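See below for the structure under consideration.
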Amino acid sequence: MKHSPNNPILLTSSLHVDEARAAIARLVEELLNESQAISDPADIEIVALDQAINRILAEDLLSPIDVPAADNSAMDGFAFDGKCLDTNTPEIALQVVGTAFAGKPYEGNLKTGECLKIMTGAVMPANCDTVIPQELTTEMTETQITFQQAQLKRGDNRRLRGEDLQTGKPAISAGRLLRPSDLGLAASLGIAALKVRRKLKVAILSSGNELRTLGESLDIGSIYDSNRYSLSGLLNRLNLEIIDCGIVRDDPSALKNAFCEAAAKADVLISSGGVSVGEADFTKQIMQELGDVGFWKIAMRPGRPMAFGILKALAGKSPARKTLFFGLPGNPVAVMVTFYQFVRSALLQLNGASHTDVPMTQAICTEAIRKKPGRTEFQRAILSRGEDGKPTVRLTGSQGAGILRSMSEANCFVILAHDQGNVAAGEWVDVALFEGLL
Ligand code: AMP
Ligand code: MG
């Protein structure tokens, strides 16, 4: 059976999480090739450094300078010509003839037997190549120092010009999701603005007759729409442009209009609700007219049903690009889990990011977990340091797909792999931290 979104069938067998991820990555790749989005100049903008956090670098950032720009001292100590270390004298004595500060180099030349007091970062004086750190001297006065030759080798404690970066070499590669250290690095090169990929436009909508907007009163059987808020929070972590399409009723023409409107404006549409078995036929009917969408039953918990594919490029949309569509399940926790598993990496990939993987770690599970092989499970949990200093993880109570409180209390997922069975207390389990992701 084909799982491709080109074959929009409701699967009777379950799709492995990894197969679903791979199918999504393939379709995004096709979209990128079609639209040449990565190399399209219209998709690049120049932003000031302080606006560039979490954006994706569009071109390699080449260093305009050598870093460091000159040989300099890595320590507070005394700079001298390391030639004297070649002698057989175990103890070396040198005359202190001046001081070099960071930002105030020493101009003179040193003679044999002389040294210079030097601060970390200060430019190495001419004909000096070695620094003895202050704490390694055996004697130190205003005018003279002594130290054991065995304490160091020629060239020690000196940073060489261009050691970190050479002029013209890439300091940051295209595709980097820019982090604080990248902004600092760009600033250290004197670069005030970066070429980044434009923000993806991501439309979100919630579907369901039972949903009410905040501020409305709840009649019997209705609930507040929470998914748009968790989704916009998730998307804000990625510094995207969010187009909020509100709540749409379970009504074919309302849904169709909302999908058309979103597709006209957005690169990606993320809806929640309306893809579970009872409602999928209804959504499927609309999708057949608007695009090419697969309805998947994924072997995972929570988050089993999911629709994924493309909405056709609309006439008049400029540029005429297709819109990527994720129909996430309605359950509030399932929305976050499917976003984490499938949507996040697709958004990053679509926007030219070179790495989309999430960092994983392992911890000792403090309790037994019942688990059937044959599906991937995401359990909400709290990672902390156990009494023995080892990382431990405990679940945050009830794991029902609708229970947001246990998600809110958690700081990580325990991820139980597809083939894994029951977990015993004390076993190591895979953990993905929320911080920076969710
Ligand atoms: P559905 O996938 O539409 O069958 O929805 C599954 C469950 O999630 C139902 O209990 C819905 O009421 C609930 N649900 C759907 N959408 C939302 C939403 N936007 N906010 C909160 N709960 C939702
Ligand atoms: Mg529904």
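The values are calculated or read from the model by the stated rules, or taken from the named source; none is laboratory data. Fair warning: this is a prediction, and the values are worked out from it, not measured in the lab. When we count neighbours, we look across all protein chains shown, and the Cβ atoms used for this are built from the backbone with ideal geometry, even at glycine.
Quick look at the numbers
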| read-out | value |
| --- | --- |
| Gly108 being touching a Gly at 6+ places or on another chain (Cβ under 8 Å), assigned by TED's automatic domain parsing to the domain that holds Thr146 and modelled with pLDDT under 90 | yes |
| Residue satisfying condition, being in the same structural domain as Arg212 (by TED's automatic domain parsing) and either crowded, with 18+ Cβ neighbours inside 10 Å or in contact (Cβ under 8 Å) with a residue 40 or more places away in the chain (or both), within set Ala334, Ala313 | Ala334 |
| Subset of the stretch 111-130 (residues that are among the aliphatic types (A, V, I, L, M) and modelled with pLDDT of 95 or more) | Leu116, Ile118, Met119, Ala122, Val123, Met124 |
| Qualifying residue in the stretch 138-146 (condition: of a type in the set (Asp, Glu), surrounded by fewer than 18 Cβ atoms within 10 Å (Cβ to Cβ) and free of Cβ contacts under 8 Å to residues at least 60 places away in the same chain) | yes |
| Residues within the stretch 191-218 that are within 16 Å of ligand 2 (Cβ to nearest atom), closer than 24 Å to Val28 by Cβ and part of a loop (DSSP other than H, G, I, E, B), tallied | 0 |
| Among the candidates Gly352, Gly426, residue that is among the small types (Gly, Ala, Ser) and in contact with a helix residue (DSSP H, G or I) (Cβ under 6 Å, 6 or more places away or on another chain) | Gly352 |
| Of the criteria (1) over 22 Å from Glu59 (Cβ atoms); (2) in contact (Cβ under 8 Å) with a residue 40 or more places away in the chain, which one Tyr229 fails | (2) |
| Of all residues making up the stretch 222-240, the number that are more than 16 Å from ligand 2 (Cβ to nearest atom) and more than 17 Å from the chain's Cα centre (by Cα) | 2 |
| Flag for Ser354 being surrounded by fewer than 20 Cβ atoms within 10 Å (Cβ to Cβ), part of a helix (DSSP H, G or I) and within 25 Å of the chain's Cα centre (by Cα) | no |
| All positions within the stretch 260-305 that are of a type in the set (Asp, Glu), under 25 Å from Glu210 (Cα atoms) and more than 16 Å from ligand 2 (Cβ to nearest atom) | Glu261 |
| Every pair of residues 6+ apart whose Cβ atoms lie under 6 Å, when the first sits in the stretch 77-91 and is in the same structural domain as Thr120 (by TED's automatic domain parsing) while the second is assigned to a helix (DSSP H, G or I) | Gly77/Gln134; Leu85/Gln149; Pro90/Gln149 |
| Selected residue [among the hydroxyl-bearing types (Ser, Thr, Tyr), assigned to a strand (DSSP E or B) and out of contact with any helix residue (DSSP H, G or I) (no Cβ under 9 Å at 6 or more places or on another chain)] from Thr120, Thr99 | Thr99 |
| Scope the stretch 256-279; condition within 12 Å of ligand 1 (Cβ to nearest atom) and crowded, with 20+ Cβ neighbours inside 10 Å; matching residues | Ile270, Ser271, Ser272, Gly273, Gly274, Val275 |
| Considering residues of the stretch 280-313 that are in contact with a Gly (Cβ under 9 Å, 6 or more places away or on another chain) and under 30 Å from Gly421 (Cα atoms) only, the residue nearest to ligand 1 (Cβ to nearest atom) | Pro305 |
| Residue among Ala280, Ala192 that is within 27 Å of the chain's Cα centre (by Cα), on the phi < 0 side of the Ramachandran plot and in contact (Cβ under 8 Å) with a residue 40 or more places away in the chain | Ala192 |
